[in-house]
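Worksheet for the structure shown next.
The values are calculated or read from the model by the stated rules, or taken from the named source; none is laboratory data. Bear in mind the structure is a predicted one, so any value in this text is a computation, not a measurement. Glycine gets a Cβ as well: all are built from the backbone with ideal geometry, and neighbour counts include every protein chain shown. The area values use the complete protein model at the heavy-atom level, side chains included, leaving out ligands, DNA and RNA. Shrake-Rupley method; radii C 1.70, N 1.55, O 1.52, S 1.80 Å.
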Amino acid sequence: MTEYIIKQLFAGAAVLFIVVSATFFLIQAAPGRLSILADPTLDPTVAANIERRLGLDQSAAVQYVRWMTRIGQGDLGNSLVFGRPVLTMILERLPATLLLGFAALLITVFVGIPSGIIAARWPNSPLDQGLSFLSVIGLATPNFWLGILLIILFSVTLGWLPGAGMQTIGQPFSVFDRLAYLVLPAIVLATSTTAELMRYTRSSWLEVINQDFVRSARSKGLSERVVHGKHIMKNALIPVLTILGLTLPRLVGGAAIIESLFSWPGIGSMAVNAAIGRDTTLILGTTIFVAIAVIVSNLFIDLLYGVLDPRIRFD
Amino acid sequence: MATASSPVKRGRGRRNQWQVFLGALAKNKLALFGTTFLIFVLITMAAAPWLPIPSPTRINLAETFQSPSARHWLGTDENGRDVFARLLAGGRVSIAVGFAAALMTVVIGSALGVMAGYFGGLTDRLIMRFTDGLLAVPVFFLLLAVVAIWGSSITVLVVALGFTRWMGPARLIRGEILRFKTMEFTVAARALGAGHVRLMVKHLLPQAMPALIVATSIGVGNVMLIEAGLSFLGLGISPPTPSWGNMLTASQFYMWTAPHLAVYPGVMILLTVMAFNTLGDVFRDALDPRLRSSGP
């Protein structure tokens, strides 16, 4: 077990190393110079000063080592546009993203898994066909478009739910108010992951149904309710956990578009604005931060997987 | 006798595979609908120059937000441009980018997948660890970073999508190679003196063709969704070139005055992506039933 954890940690660190290196080469290979330096009205001595301060006058190898050391020390640099530390800016906006991501994850799990089980419980029934139709649609719908449609319906036409922001301006914080703002973006963010988890749960369930121990349970005279609720459930849901791990990066990635659409003040909309404003340090810092966060959470899911399923050998 | 019968046999084999494909397509109603839709759209797009429709980029501020008419089949947008013409032009861009990027993911994915499966051992472990690792990274942020640094030309988009979405194809193709590399034909080719490269490219890769087709088809759908998202944010295909994604950017600002503008491009993306996804399922069922177990 300890060996397994160390191995996973090592693999995670290796991927991070590659991602951070990739970001460095991305900047190095970029065409032209930094946008602030490309300004023709800029005094050459000022430009040289900026270059020296940013270490751009050094060789690529020196810059690479510096870049890696700095990030290794947890320093993501300062935003080119705002001049503030990237890490501070991320931490300020992280709670909003966590709230949205957590809400979407709850929807994914509590809608995706039950509907997958229902579909597998009565395979090829009209219910199963209807659910599988929905999942095909859910996987093909651009989530931001669904967001636009829901805003048009619920905010513009019906006026039931707010379509932008995180709370009513000028009003004190209230849970109800926050939930009203949270509903639409969370549903939209969860659409494709819910559809995917449903599909996966269904096929995992159907695979277990054909196994010998299920036949034994049935031949003992156990009711379908007990067979499904106990015997199949335990075995079918464990692989579902892995897909949940793969869902995280998709939720986080999707948050970028959805936060922008709903003006949700999280790190996703910040990253999009940074990309539009060519704020290289801010966007790279956010990318690295998000990569670390997701890799670490996946490590936890891996461990949970091992605890839940003793058949898995940590080798 | 043997020489005379073999071409006939091969011909029949081909037709059978085609029939199996059509059979699988007929069974999957959504795929049948999607494929019909896709063929219809592709033909209309190809015929666009001969259709009596205005140029997709012609701005006419006297004719903004018009309803459908004989002149403007689906009405006009905020700049008085013909929505139908823009849908066709935008679709050409979106589908072309989707296809190019999906091919790129399959090329990169199969190169790595074949190497991992063929060499096995440490090479395999390294490549697959990296593949799994990259799957855990929210690549959308990486794409944002690429676009921020390199700008958002179509070439950058295709290459960036290719380099960040190859993991699925790589895993699929590795599995296939693992299966084929112990089979007699591989052993025979090796015994005849075929080298590593020849074995991989000439003998193993063609066998994985069904997997490649499945991966491409599903890849087009995935990549089109990401491209649409980036273009919607103003970080993908940039105006005046229309794409289904960037047509939705503008519609966002006219939700009150012209909500219908938001409908058409979204429906087109939804149906096209669904067509490619379900077509991928059909290919999987028809070409190689064993692939079915590899999940959704």
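Converting phi to 3J(HN,Hα) with the Karplus coefficients 6.51, -1.76 and 1.60 and the offset θ = phi - 60°, the range A:90-101 yields 5, 5, 4, 9, 4, x, 4, 5, 4, 4, 5, x Hz in sequence order, with x at every glycine or proline.
When the charge dipole of chain A is built from unit charges on Cβ atoms (+1 for Lys and Arg, -1 for Asp and Glu) and taken about the Cα centre, the candidate among A:VAL272, A:GLY245, A:PRO185 whose Cα reaches farthest toward its positive end is A:GLY245.
Sorting the segments B:174-183, B:142-151 by their mean number of nearby beta carbons within 10 angstrom, highest to lowest, gives B:142-151, B:174-183. Can you give me the angle between helix B:139-150 and the longest principal axis of chain B, using Cα atoms only, in degrees from 0 to 90, rounded to the nearest 10? For B:139-150 against chain B, the angle is about 70 degrees.
Chain A packed on chain B takes about 4200 Å² of accessible surface away from a 1.4 Å probe, both sides summed.
Dimensions of the protein assembly as shown along the principal axes, based on C-alpha atoms and rounded to the nearest Å, stand at 81, 66, 60, largest first.
Averaging 1/r over every pair of different alpha carbons in chain A and inverting the result gives a Kirkwood radius of 22.8 Å. Volume per residue for the range A:231-315 equals 102 cubic angstrom (convex hull of Cα atoms). Counting only the Cα atoms, the range B:115-217 fills a convex hull of 116 Å³ per residue. For A:THR242, A:THR193, the ranking by accessible surface with the largest value first comes to A:THR242, A:THR193, using a 1.4 Å probe. Charge dipole (Cα centre; +1 on Lys/Arg Cβ, -1 on Asp/Glu Cβ; no other charges) of the protein assembly as shown amounts to roughly 2060 debye.
Think of the range B:74-294 as a dipole: +1 on every Lys or Arg Cβ, -1 on every Asp or Glu Cβ, centred on the Cα centre; then among B:LEU112, B:SER217, B:GLN252, B:LEU112 lies furthest on the positive end.
At q = 0.10, 0.15, 0.23 Å⁻¹ the log10 of I(q)/I(0) for the range B:184-296 amounts to -0.49, -0.77, -1.12, computed by Debye summation with a single uniform scatterer per C-alpha, solvent ignored.
Amide H contacts of A:ASN78: A:VAL86, each under 5 Å away and 5 or more positions distant or on a separate chain (H built 1.01 Å from N in the peptide plane; Pro and chain starts excluded). If you wrap the Cα atoms of chain B in a convex hull and average its projected area over all directions, you get 19.7 nm². Using bins of 10 Å that start at zero, the share of Cα-Cα pairs per bin across the range A:163-315 amounts to 10, 25, 27, 20, 12, 5, 1, in whole %.
Quantify, in whole percent, the carbon and sulfur part of the accessible surface of the protein assembly as shown (1.4 Å probe; protein heavy atoms only). Percent of accessible area from carbon and sulfur atoms in the protein assembly as shown: 67.
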